[in-house]
Each structure stands twice: as structure tokens, then as C-alpha cells.
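Working notes, beginning with the structure itself.
The values are calculated or read from the model by the stated rules, or taken from the named source; none is laboratory data. Since the structure is predicted, the reported quantities are computational estimates derived from the model, not experimental observations. Glycine also receives a Cβ, built like all others from the backbone with ideal geometry; neighbour counts cover every protein chain displayed. To get the accessible areas, we keep the full protein, side chains included, count just its heavy atoms, and leave off ligands, DNA and RNA. Shrake-Rupley method; radii C 1.70, N 1.55, O 1.52, S 1.80 Å.
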Amino acid sequence: MLGDMTASTTPATSARLRTEIPGPASRALQERRAATVAAGVSSVLPVYVTSASGGLLTDADGNTLIDLGSGIAVTNVGHAAPAVVDRVREQAERFAHTCFMVTPYEGYVAVCEALAELTPGDFAKRSALFNSGAEAVENAVKIARVATGRQAVVVFDHAYHGRTNLTMALTARSVPYKHGFGPFAPEVYRVPGSYPYRDGLTGEQAAAAALDRVDKQVGGDSVAAVVIEPIQGEGGFVEPAPGFLPALSRWCSEQGAVFVADEVQTGFCRTGDWFASEHEDVVPDLVATAKGIAGGLPLAAVTGRADLLDAVPPGGLGGTYGGNPIACAAALGAIETLRTRDLAAAARRIGETALPRLRALADETGIIGDVRGRGAMLAAEFVRPGTDEPDPDVTRRVAAACHQAGVVVLTCGTHGNVVRLLPPLVLPDDLLDEGLSVLDRAVRAEAGR
Ligand SMILES: *Cc1c(COP(=O)(O)O)cnc(C)c1O
């Protein structure tokens, strides 16, 4: 079966451009937007989407584009997965909202049951549901502070955890995420992570360096939580050296600190496992999830040890919309799709197809310093030839060339020099092949080969 076989007005099976990108209809919408939408909210590629399915986006000009971004790792099950669409429709017809904190409903409980089963660890678990990744991470810190009676939070270079005040403090990069938005929340300590391409350290060495800083700056007995992305997302798809995450997790157990895995981008089969922590058998105390959880509807969760979550007294966690019934219905449909179509295996196949091609491209062009990633979370880091100096200009031009050719790719990295691929896990092989060929041509054109 190819793609998510949803009803679509355009049964296209490849990128098909009818106009320049963006076309006249999108440009007209862009003008309306400029008159009303805040400038601080920007778009990578201002084509205005009218429908999407099977890894293809159709825009207001009738162009179809191959989506290698999934709305930033959200539509893992496709843009309109049938199980998500059906459950959303059915729930919307029954009721849209009661507020779980006022009069509850089954969907919330069912999502928490699924999370308890799917997240790493065999112990008793609890979950609390929220609306966004930032809210989940922020609540994980609240829970860790109450449960430990401590305040300090340890985070890493290149980390991204969101745009609320606390999660800005946890995030590393200033422009555009933090600049001018302070003051930020206190008791946040940043230490080096593990970046094998740039630090040349083993995971154990990188962990020892990071933990030495923590000991000197804060002291382990003051640390409430270590918050880490098992593979960094916005910071550059940085996959830590083997041994790094297990060493941090061990240190947390020894110090009585809470190990929080921010799996907002890596979760829900993206990396070829349900959660990226599983790759090295790391069992976080708390896992923050969002993005891929609900097939495109806003939902987020903190899941973890029952003793930690239950340390917060009744009324301490929640929110008006957290665990909205339609979002929960969507999550149950997304989880069913991930399971029945074995999309973890699909993610691994995407990595097996793309990584060798990206590596060959790096060897042949000399402008890609590092190719990395797992499953369907893949990246190429662009550098000036013969050096490891970041090259954001080439990166921008490569991404722009892909966009012009009808392939949506995203960039990331503290220096903006990483092209990242996050295809929907249901992307048909021929579209993946076509998307990679476009990227291939864009990189070769930049390198003059
Ligand atoms: C996207 C992201 C967040 C923030 O999620 P929002 O839903 O945008 O608030 C937090 N952590 C990571 C790792 C992310 O990728």
C-alpha cells in the first residue's frame, strides 16, 4: 500500500510544479499575511497549502511538493492518516471539549495507558497531557522540582526545548529564540554535550567533562533534573557518542536527580524506535513528548515514574485544553497507525536508503563535513571544503534550490549549517528517491560537481 490512501483532490505521485515557487496565488496570500500576521512568525517556504497526503503537499497554485519536513517531525503517520481522520471526525461529532479538570472522558485515560505501555521502563507510570512540547518540558521540570525538593536544572550546548519563558532559558541559541526576550528563569546550568563530529570525544569522555562542570557549578545534590534531547533537534540533529546518555542517566540515579528525556522531536518511531532513548537502553525517569504523538493535532505529554508524577498534589498540573478530546482521539489513531503499519521499521528503511546516498554525496562534493542521524531523522552538516568551518550560506542556497524544485527540506543547527530530513514515515519509496535526487543535484550544483 502506498502512502496514506486518503481521499485527495490531486492523486499526484511526484512533485509537479505548475508555477514558480511560490506561485501567484501564494504570493497574493503572502501579501494579505504581511498586513495582518506578526512579522515574528515566519515561514520557511511560503507556499500556501490547500491539501496534503501521502508525503505530498498541494498548494494554492496547484503545485505538488514532496514533504521531507513533516511540519517539523509531526506528521509521522502522514498528513491525513485514515485512522486519525476517522477518530477526529467521530470525536468532533460527539463533543469537542469539557476540560479534563472539570468533567473527564475516556480518551485522555486511553492515551495515558498507551504512553505507559510504549515509553521505556517497566515500572508503574503516570502521565499528564498538555498542548505543546514546550509545555511538556516545562511541566517535567515542575514535577522534578517538587519531587526532589531541589531547583537546579542542567541543560546542554545546542539544546532546544521551546519558546516559553522557562524553555527559552533551557534553550541554547540566542537569535532568534531568546534575543531580547529576557530576563530568563534562574537556576538553569548549561554544560557541553556530546558532538562527535566537533569534539572528537567518546561518550564517556564527553559525559565526564559535562558532569565535572555540573559538580563545580552546582553540585549533584542540588540538581533537580538533567534535561536532554536524546538526539538534538533544532541544534543540529546532533547524535551523542555511544555511552554519553547512559553515563548521564547513571549519574542522575546516583545523585537523586531526575533524568528527563525531551523526546518531543525524536519520539513516535521517528528514529526507528518508538523513542530514541531505547537505542542505548536508557530508561528516563520522565519523558516529554509532543510533535509526532497525534498525527498533527496539538497534544503533548509528560510520562514517567509514578512516584515523581504523583509527588505533585491535585490541582498542581493541568490546563484548560491539555489532553483535549479531539487531540486524544487523533493520538489514538496515530498510535494505531504507527503500530499496525510498523512505522518504526519504515523509519529504519528510510535511514538505510538515505544515509548511504548522503555519505556518497559528502565524499564526492567535499562541502558536507558530517552526515548523521537515525531512522527518518537525518542531517548533512555543511562546511567550507577542507575545514570544519560551518557554511550557513551554502546551506541556505541548497535548501532554497530544493524548495524551487518542489522539495520541502528544513535547516537547523546553532550555526544554521545543517540540512535536515524528516520525511513522513509513510513516504513512498519513489518519492523519497525523487526528493533525495533533488537534494543531490542541489548539493552538486553548489559544489560545482
Ligand atoms: C519542537 C520542540 C520543542 C517545543 O515543542 P513545541 O510544541 O513547539 O512547543 C521542545 N523540544 C524539542 C526537542 C523540540 O523539537
Between the range 153-172 and the range 177-243, how far is it from one alpha carbon centroid to the other, in angstrom?
10
From a point 7 Å beyond the Cα of Thr50 in the direction of its Cβ, which residues of the range 70-90 have a backbone N at a distance under 19 Å?
79-80
If the chain between Tyr321 and Ala209 were fully stretched, how many nm would it gain, using 0.36 nm times the residue separation less the Cα-Cα distance?
36.2 nm
7 Å from Cα along Cα→Cβ at both Thr103 and Glu20: what's the point-to-point distance in nm?
5.7
Excluding residues fewer than 8 positions from Lys216 in its own chain, the lysines with Cα under 27 Å of it are Lys142, Lys178
How would you classify the chain from its alpha-carbon gyration tensor, with a ≥ b ≥ c the square roots of the eigenvalues: rounded for a/c under 1.5, else prolate if a/b is greater than b/c, otherwise oblate?
oblate
GNM of the chain, Cα pairs under 10 angstrom: of Gly200, Gly107, Gly375, the biggest fluctuation goes to Gly200
Per residue, in Å², the accessible surface of the chain once ligands and nucleic acids are set aside, probe 1.4 Å
40
Extension gain Tyr189-Arg339, at 0.36 nm per residue separation less the Cα-Cα distance, in nm?
50.2 nm
In nm, what is the difference between 0.36 nm times the number of residues separating Thr13 and Asp199 and their Cα-Cα distance?
62.7 nm
Carbon and sulfur atoms: what percent of the 1.4 Å accessible area of the range 83-340 do they account for?
52
Under Karplus coefficients 6.51, -1.76 and 1.60, residue-wise ³J(HN,Hα) of the range 420-433 in Hz, glycine/proline x
10, 10, 9, x, x, 6, 8, 4, x, 4, 5, 6, 4, 4
In terms of the ratio Rg/(2.2 N^0.38 Å) built on C-alpha atoms, what value belongs to the range 113-170?
1.26
Estimated 222 nm signal from helices in the chain, with DSSP H stretches of n ≥ 4 weighted -39500 (n - 2.57), rounded to 500
-12000 deg cm²/dmol
Checking rank on 109-116, 415-422, 355-362, 436-443, with mean other Cβ inside 10 Å and highest first, the result is 415-422, 436-443, 109-116, 355-362
